[in-house]
1. Of all the stretches in the chain, which is the longest one without any exposed loop site, taking GluC sites (Glu not before Pro) in a DSSP loop (any state but H, G, I, E, B) with at most 11 other Cβ atoms within 10 Å?
2. For the chain, with all protein chains present and a 1.4 Å probe, just round the carbon and sulfur fraction of the accessible area to a whole percent.
3. At 7 Å along Cα-to-Cβ for each site, give me the label-to-label distance between Asp57 and Glu352 in nm.
4. Can you list the residues, at least 5 places off or on another chain, whose amide H is less than 5 Å from the amide H of His28, using H built in the peptide plane?
5. For a test of the definition: using alpha carbon positions, the gyration tensor, and the 1.5 limit on a/c, classify region 251-349 as rounded, prolate or oblate.
6. Test of the criteria: in region 336-419, which trypsin sites (Lys or Arg not before Pro) are in a DSSP loop and have at most 15 other Cβ atoms within 10 angstrom of their Cβ?
7. Keeping every protein chain present and rolling a 1.4 Å probe, give me the accessible area per residue for region 241-350 in Å².
8. Taking the Cβ-Cβ separation of Glu407 and His295 as r and a Förster radius of 35 Å, what is the calculated FRET efficiency to the nearest 0.05?
Amino acid sequence: MPASSDPSSPPTGWRFDHSYARLPQAFHVRIDPTPVPEPKMVVLNRPLAESLGLNADALDDAAVFAGNELPPGAEPLAQAYAGHQYAHFTMLGDGRAILLGEQITPNGERFDIQLKGPGPTPFSRRGDGRAALGPMLREYIISEAMHALGIPTTRSLAVAATGEKVWRQDGGLPGAVLTRVAASHIRVGTFEYAAARGEKEVLKALADHTRQRHYPEIDDGYDALFEAVMERQAPLLAKWMHVGFIHGVMNTDNMALSGETIDYGPCAFMDAYDPATVFSSIDRNGRYAYGNQPHIAQWNLARLAEAMLPLFHDDEKQAVEIANGLISKFEGRFKHHWLAGMRAKLGLFTEEADDTELIQSLLEWMRDTKADFTNTFRDLTNGRLEPMEWHQRWSERLKRQPQSPEEVTELMRRSNPAFIPRNHKVEEALSAASDHGDLNPMQRLLTVLADPFDHAQDMPEYSQPSEQESYQTFCGT
Ligand code: AMP
Ligand code: MG
């Protein structure tokens, strides 16, 4: 496969390293993307490109983003991993993703550059290794919205159309490749894979790599590493809950050790507040329902701890004791971060023992009245929520803190988004792009979502929930 390194063109800024590829052979398989007939750029994230040290003008290159040409220095590979999918253990691996390498930014940061949908790999099993345009644009929109909301997430650098159809249940769909940028793609499932191989050295190599890459400050023991991982998942889950984000498929292969949100499939934002909300068409028992997400995060971390047992202690019984001690801390850590964020959403700077109750009673009211989650907090922020009994308690509580009303409003504006990716607006953007090749609705939506805390803008078209109640999402293929 040719590398796109025409000496007459301006430098693109690619600067790859390959630390993951230096892990033991078990973790990766060298594989090239499969060329496509008609690469065409759909969207390029210029600000992200620049922050990675890439020259966005020189980069507008469909051949690279569709996988037909490799950027200079790329050494493509598919990653091996396993995972618990709906609680069932399976060997998986990158079946439709290829890592090109790790871009080293001008600040010396390291980011995985991964193509999603570049053709089959040795892990594809019966799959085609391809992706449809709709789901790739969906990941682009939601991941960029999450980033703007201040939530750790993988990013989306580009989507290129392939000119090829991908065949799914609903017939032939336009194919596309997403370029994903991530702190890494090390998953809980990567540790499960390493543990399943039964070689302690392999597991240790992965843990050391993870520590060097994401937790360089940790130097005493693998229990400390585990605790640091947990201390990123707890605030991450709290942040999801604060904005009504439902991941939809929190399998252990979709939980990143970096603490970033990863793998946007059937995810969606909740409209009316209800902890039982599920969007994914295949999540029939509500395992991954909104209100169950913290519990599932802890369940996934328990699988990580299980995988790490040989690193905790040579004696299995003692290792299990250490693991149990660690896991039991998650709930408290989650609640701590959840409460801190909920206080901010209500403009509370100080802490009082009854705050949880104050928050819960608002949430109960929201559930009983099917109030829109985002807009309730938005209206509270802007003094537009119809006063009710609860307001009395809240305003008395506000008076018991020294901050001025202006400071309260300022905190609430920073903590309550005015705009989230409303499901019908996402669908509208995707179908315009997929069915009619019209990218304007998506560009407008991306512009709104890039500034979610802009309370000066009204734009009801982007802030109202859909009339239609039974929204469903499908596993991103
Ligand atoms: P996901 O649901 O995206 O987390 O994927 C779960 C597993 O299925 C991963 O190992 C993917 O690589 C694999 N997979 C999903 N879609 C495809 C596809 N079209 N071709 C091959 N493998 C796939
Ligand atoms: Mg996945």
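The values are calculated or read from the model by the stated rules, or taken from the named source; none is laboratory data. Model, not experiment: these values are computed from the prediction. When we count neighbours, we look across all protein chains shown, and the Cβ atoms used for this are built from the backbone with ideal geometry, even at glycine. For accessibility, only protein heavy atoms count, side chains too; no ligands or nucleic acids. Shrake-Rupley method; radii C 1.70, N 1.55, O 1.52, S 1.80 Å.
1. Longest gap between qualifying sites, sites excluded: 1-216.
2. Values: 9960 of 20120 Å².
It is 50 percent, rounded to a whole number.
3. Placing both labels 7 Å along Cα→Cβ, they lie 5.8 nm apart.
4. Those qualifying (amide H under 5 Å, at least 5 residues apart or on another chain) are Ala80.
5. Working: a/c = 2.48, a/b = 1.48, b/c = 1.68.
Since a/c reaches 1.5 but b/c is at least a/b, the shape of region 251-349 is classed as oblate.
6. Hits after loop and neighbour filter: Lys370, Arg384, Arg400.
7. On a per-residue basis, 35 Å².
8. Working: r = 35 Å, r/R0 = 1.00.
Plugging the Cβ-Cβ distance into 1/(1 + (r/R0)^6) gives 0.50.
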